[in-house]
Structure formats: C-alpha cells, structure tokens
Amino acid sequence: PYLVILRLDRSRLDANRELAAAAESPGAEAAWRAYHGAIADAIDAGAMLLVDVHGQSHRDAVELGYALDKATLAMDADALGATAAETSTLRAMLVGRRAS
C-alpha cells in the first residue's frame, strides 16, 4: 500500500496546479516533482484511492472535493447516486473500475 502526504503551506506550493503555476522556487519545484512522482508510482501499482485534504482560504474548514458541484449535492439520493457514478472523482469505486 501507498500513503503519499504533502505537508507544505499552500502559499509555498500548490500541488493541485501545473508545475509552472504551482512552484515559485527550486525547492518547491523539487517537492512538486517528488509528490507527483509518488502519486504516479501508486497509480502504476494498481487500484488506489486519492484523497486531497486541505484547508480553504474562504473559511476556516477542511473540505473534501469529489468534483460534484453544489447543485448536484442538493439532488435527492437516487439522482445524486446516478450523477455521482458518472461525474464524481469517486466514479471508479462506484462502478468497480479504474477511472480514466
């Protein structure tokens, strides 16, 4: 099993962005490459669950994102389940196969 953790302040490195926009120093660039390399190794090893957990600047909270917008999350359970199976970043687990 793999566990990849990046513990850096997002003001130093935003690993969710492309390298050119994510890192402003050689050290941050090296951290970005190491982090994404570790994720690539985990993907190459087989099925995985990638959870991106970080704070938000717009409020004092931690949010988990699954690429579901506010309108989708407001749907009734049946509609949400069907929509999430097609559009969520968790779709691979929901349909039993690896997401593309």
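Nothing in this text is a laboratory measurement; each read-out follows from the coordinates by a stated rule. Note that the structure is predicted; figures quoted are calculated from it, not measured.
Maximal additional length on extending the ARG7-ILE39 stretch stands at 10.1 nm, based on 0.36 nm per residue less the C-alpha distance. Averaging 1/r over each pair of different alpha-carbon atoms in segment 6-51 and inverting the result gives 11.2 Å, the Kirkwood hydrodynamic radius.
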